[in-house]
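The values are calculated or read from the model by the stated rules, or taken from the named source; none is laboratory data. Being a predicted model, the structure only gives us computed values, none of them experimental. For neighbour counting, all protein chains shown are included, and Cβ atoms are generated from backbone atoms with ideal geometry for every residue, glycine included.
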Amino acid sequence: MTTQKAKALISFKKANSLTAKIIKMIEGDEYCINVMQQNLAAIGLLKSAHQLLMENHLQTCFKNAMSTKNERQKQDMTQEILTVTKLFNK
């Protein structure tokens, strides 16, 4: 496992823990602003994990695909990056 993936995993685990906390907060009818603050913290962790995974992908899979002579593989890899970027920006 790469360093970026290991860091992303930590962020996912923290976000998972926060999500469980948020569920308990809602079930406990806690103040909305407090719930929203925790939700934003979870979103931040997920965005951070996404960025780490993207960096890892670009430095490994994408780099390897671009170094080949297979033009179809290069096009497919580029399209994957564009698709993920579009989804992230929605």
Here are some residues: L45, L40, L18. Which one is modelled with pLDDT of 95 or more and within 24 Å of T2 (Cα to Cα)?
L45
Flagged pairs (Cβ under 7 angstrom, 6 or more apart or on separate chains; first in the stretch 20-34, among the polar types (S, T, N, Q); second modelled with pLDDT of 95 or more) are N34/M25
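In the stretch 9-55, what residues are of a type in the set (F, W, Y) and more than 26 Å from V84 (Cβ to Cβ)?
Y31
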Yes/no for I43 being assigned to a helix (DSSP H, G or I), loosely packed, with under 14 Cβ neighbours inside 10 Å, within 15 Å of the chain's Cα centre (by Cα) and free of Cβ contacts under 8 Å to residues at least 40 places away in the same chain
yes
Pick from Q73, Q59, Q4: which is surrounded by 11 or more Cβ atoms within 10 Å (Cβ to Cβ), assigned to a helix (DSSP H, G or I) and touching a Leu at 6+ places or on another chain (Cβ under 9 Å)?
Q4
